[in-house]
Amino acid sequence: RQIRTYKNYTCIVSSPLFTHQYPQFWVDLRNKHDKFVNYFWNSTQATLANRQFSIDNMNKYKTYGPNSWGLTACDGPGGYKVYGAPPSTGSPVHDGTVAPTAAGGSMMFTPKESLAALKYMYANYKDKIWGRYGFTDAYNIDRSWYASDVIGIDQGALILGIENARTGM
């Protein structure tokens, strides 16, 4: 397992956020670790690095910012891609696309930052990315692109991330 650092955040390399979220939707890894790492802490570090990358690149991509972050596998203007942020191996894809499920699904790791992101996305883009079932898959301000699809697995990630933050269940 490769460990790398981006800014002040050190974690196991895996650039899309879903890889850190999905195992912990089902198993509460708070205060549990093996001889290698505390996985909850690791996922928190990866989430904060993902957000920091968006802050650091907000001059390059209008979509990115302190409350508009969340790089993970999702639809984008050019189709489905595995978006990600450092630390990583290789070059993760990024073109200004943000997935609300990435920020919201990280609620158990970064409750304050994740809630601020969801509130910002809703307040600023609800007419384009909010519908009957919640947030659409993704958006990209730079390309004036807003997903029309609402994907069940993303809605589930949001719900599970929020519930995990609320109760640890």
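The values are calculated or read from the model by the stated rules, or taken from the named source; none is laboratory data. Given the structure is predicted, the values throughout are model-derived calculations rather than measurements. Ideal geometry is used to build each Cβ from the backbone, glycine not excepted, and the neighbour counts take in all protein chains shown. Side chains included, ligands, DNA and RNA excluded: accessible areas come from the protein's heavy atoms. Shrake-Rupley method; radii C 1.70, N 1.55, O 1.52, S 1.80 Å.
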Kindly list, by first and then second residue, each pair from a residue in segment 33-44 that is closer than 19 Å to N8 by Cβ to a residue that is part of a helix (DSSP H, G or I) and open to solvent by less than 70 Å² (accessible area, probe 1.4 Å), limited to pairs with Cβ atoms under 6 Å and residues at least 6 apart or on different chains.
S43/H20
Extreme residue, farthest from the chain's Cα centre (by Cα), among residues of segment 68-110 that are modelled with pLDDT under 95 and among the aromatic types (F, W, Y)
Y80
How many residues are under 16 Å from A99 (Cα atoms) and in contact with a strand residue (DSSP E or B) (Cβ under 9 Å, 6 or more places away or on another chain) if we restrict to segment 20-45?
1
Which of the numbered conditions does K60 fail, given that it passes all the others? Conditions: (1) in a loop (DSSP other than H, G, I, E, B); (2) among the basic types (K, R); (3) under 13 Å from the mean Cα position of the chain (by Cα).
(3)
If you check every pair at least six apart or on different chains, which have Cβ atoms under 9 Å apart with a residue in segment 4-22 that is touching a residue at least 12 places away in the same chain (Cβ under 8 Å) and open to solvent by 50 Å² or more (accessible area, probe 1.4 Å) first and a residue that is of a type in the set (D, E) and outside any strand (DSSP E or B) second?
K7/D56
For P87, the lone unmet condition from (1) surrounded by fewer than 19 Cβ atoms within 10 Å (Cβ to Cβ); (2) under 20 Å from T5 (Cβ atoms) is (1)
Matching residues in segment 125-169 (open to solvent by 80 Å² or more (accessible area, probe 1.4 Å) and assigned to a helix (DSSP H, G or I)) number 7
Looking at F109, is it in a helix (DSSP H, G or I), in contact with a Leu (Cβ under 9 Å, 6 or more places away or on another chain) and either open to solvent by 10 Å² or more (accessible area, probe 1.4 Å) or under 13 Å from S15 (Cβ atoms) (or both)?
no
Pull up segment 76-107, narrow it to residues that are touching a residue at least 40 places away in the same chain (Cβ under 8 Å) and of a type in the set (V, I, T), then point me to the one that is farthest from K128 (Cα to Cα).
T89
Test set (1) modelled with pLDDT of 95 or more; (2) open to solvent by 30 Å² or more (accessible area, probe 1.4 Å); (3) in contact with a Phe, Trp or Tyr (Cβ under 7 Å, 6 or more places away or on another chain) - T44 fails condition number:
(2)
Considering each residue of segment 1-36, count those that are out of contact with any helix residue (DSSP H, G or I) (no Cβ under 7 Å at 6 or more places or on another chain), polar (S, T, N, Q), assigned to a loop (DSSP other than H, G, I, E, B) and within 20 Å of V82 (Cα to Cα), and give that number.
2
